[in-house]
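These notes concern the structure reproduced below.
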Amino acid sequence: MAPVAHDPGFKENEAMDMTTLFTMALGLQAPWQVKDLQFNPEGHRLDILIDFTPGTDFPCPVCGQPCKTHDTEERTWRHMDFFQHAAYLTARVPRCKCDQHGVKQVNVPWARPGSGFTLMFEALAMMIMPTMPMNAAARLLREHDTRLWRVAHHYVDDSRAKVDMSKVKEIGVDETAGKRGQDYITLMVDMVERKLLFAVEDKGHETLKAFKADLEAHGGDADGIKEASLDMSQAFAKGLREYFPNAYLTFDRFHVMKLLGEAVDAVRRKEAKERPELKKTRYIWLKNPSNLTASQERRLDTLEGANLLTAEAYRLKLTFQDLYYQCDHMDASQFLDEWIDMTEASGLEPMIKAAATIRDHKEGVLRWFKSGLTNGILEGINSLIQAAKAKARGYRTARNLITMAYLIAAKLKFDLPTLWETVPRPTFRVTKRPLRSPVLA
Ligand SMILES: [Zn+2]
């Protein structure tokens, strides 16, 4: 006879099926299994009670020797939501008595030692955290953000400890402004693998010392670094010479163009005192003609016809971009000398000053023709970090910012259930060849 709903035997079977289903869904294996489910729809809560087969010997968490159970301790872990209901796993966790190591709590397969979350919950949190501000992730997961930060720190530290840097040959260095633009973190990137290797609080040449130590702690060789892409600050160049003596230096072209953009603006600001038509034209001179709107273009045409010093500085900057379209190092070297002469003859102080800086860094500027390196990848990473920071309105600590930078850009592998593998990660393009449309800062 077919069972009917009011038959008590039917309900019992149904409940048994549910615990089996949850045992399977959680991936539990003997001696662990789901014993009971308590569903509280008003409290939006599902409790999953797990237990082990009595008489099981568990391995000592230190040496792995099977040991007798000494006693048990009830613990609860937050699990991924069951639809819109918060799910918790509760189990009595055995403490085993090892002859060598004494009484130890055994490891459970669904959580790492010391965590109040299941591995699946942590995998979900690690998937979500790099994609949104932490307070939004905390709202979505209904957890306190300091607990989520602890999860992020744990996995980032754990994964970074295993990173192999023995093959790193080309690096890029750049800094990013931290909280309220005052604190800085410096980013060191593997230019070949296109990933963040190291981030450190502070800026300046000592950051390269810290990077060297970190590189060597990960099997890398500072003397084996052959190429490095930097901005033109004295600090990074000094640090590079000191700690990476075999690295050729390429001054990043985006930073070179930025330097020239600032020089053009300095000319404009001075001239605007006598030529009011230059007021509020800063962005017109910063952009390339091809990136201007139609009205900006008309404005630029008028300004260029007005015999302005700013227009001359602007033309010098545009001419400089042609450097990166020269065939080779030799042509480029000659082109650069001519450009410096031309700029000196212009009599425009800010441009002359910028040209002198470029002349002082000539080999590094021209190294691009051999290394093909630009900080494009760093700019990409930097803008993701800036965007994350803007959304989060700053991170409370530099450590949080650094952890987020690793989460976003270090391509770390986490020891977590496969949930993570299905998530697309941000990718960056490295420009190794001249861009067909020159890019300005
Ligand atoms: Zn032991």
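Read-outs: derived from the displayed coordinates by stated rules, not from any lab. On a predicted model such as this, the values are computed, not experimentally measured, just so you know. Don't worry about glycine lacking a Cβ; one is built from the backbone with ideal geometry, like all the others, and counts go over all protein chains shown.
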Shape call for segment 273-391, from the Cα gyration tensor axes a ≥ b ≥ c (a/c under 1.5 means rounded, otherwise prolate when a/b beats b/c, else oblate), comes out oblate
For segment 192-235, which trypsin sites (Lys or Arg not before Pro) are in a loop by DSSP, counting at most 14 other Cβ atoms within 10 Å?
226
Set of lysines near residue 104 by C-alpha distance (under 25 Å), chain-local residues within fewer than 8 positions excluded
35, 68
Test of understanding: in a Gaussian network model of the chain with alpha carbons linked when under 10 Å, which of 417, 245, 31 would top the mean-square fluctuation ranking?
31
Could you tell me which residue out of 410, 225, 291 lies farthest along the dipole of the chain toward its positive end? Charges go on the beta carbon: Lys and Arg +1, Asp and Glu -1, centred on the Cα centre.
291
Return the single residue from 260, 89, 300 with maximal mean-square fluctuation; model: Gaussian network over the chain, springs between Cα atoms under 10 Å.
300
Would you work out the charge dipole size for segment 208-358 about its Cα centre, treating the Cβ of every Lys and Arg as +1 and the Cβ of every Asp and Glu as -1, and quote it to the nearest 20 debye?
900
Nearest 20 debye, what's the magnitude of the dipole of segment 300-361 about its Cα centre given +1 on Lys and Arg Cβ and -1 on Asp and Glu Cβ?
220
Indicate the gyration tensor shape class of the chain (rounded, prolate or oblate), computed on the Cα atoms with a ≥ b ≥ c the square roots of the eigenvalues: a/c under 1.5 is rounded; otherwise a/b larger than b/c is prolate and the rest oblate.
prolate
Charge tally for neighbours of residue 71 with beta carbon under 12 Å away, counting Lys, Arg as +1 and Asp, Glu as -1, is +3
Quick one: angle between helix 145-161 and the longest Cα principal axis of the chain, in degrees between 0 and 90, rounded to 10, please.
80
Assign one of three labels to segment 123-198, namely rounded, prolate or oblate, based on the Cα gyration tensor with a ≥ b ≥ c the square roots of its eigenvalues; rounded applies when a/c is under 1.5, prolate when it is not and a/b is larger than b/c, and oblate otherwise.
oblate
Name the long-range amide H neighbours of residue 65: under 5 Å, sequence gap of 5 or more, or other chain; modelled H, no Pro or chain starts.
60
When Lys and Arg each count +1 and Asp and Glu each count -1, what net charge do the other residues less than 13 Å away from residue 226, Cβ to Cβ, add up to?
-1
I'd like the Karplus ³J(HN,Hα) series for segment 197-207: coefficients 6.51, -1.76, 1.60, θ = phi - 60°, whole numbers in Hz, and an x wherever there's a Gly or Pro.
9, 7, 10, 9, 5, 5, 9, x, 5, 5, 5
With everything on Cα atoms, drop me the angle between helix 309-321 and the longest principal axis of the chain, reported from 0 to 90° to the nearest 10.
60
Do any of 169/353; 167/317; 226/411; 203/279 go past 31 Å between their Cα atoms, and which?
169/353; 167/317; 203/279
Amide H contacts of residue 193 (H built 1.01 Å from N, under 5 Å, at least 5 apart or other chain)
none
For residue 174, the residues 5 or more places away or on another chain with a placed amide H closer than 5 Å to its own amide H are 187
Computed, not fitted: 222 nm per-residue ellipticity of the chain from DSSP H runs ≥ 4 (each -39500 (n - 2.57)), nearest 500, equal to -13500 deg cm²/dmol
Pick out which of 409, 222, 30 has the largest mean-square fluctuation in a Gaussian network model of the chain, springs linking Cα atoms closer than 10 Å.
30
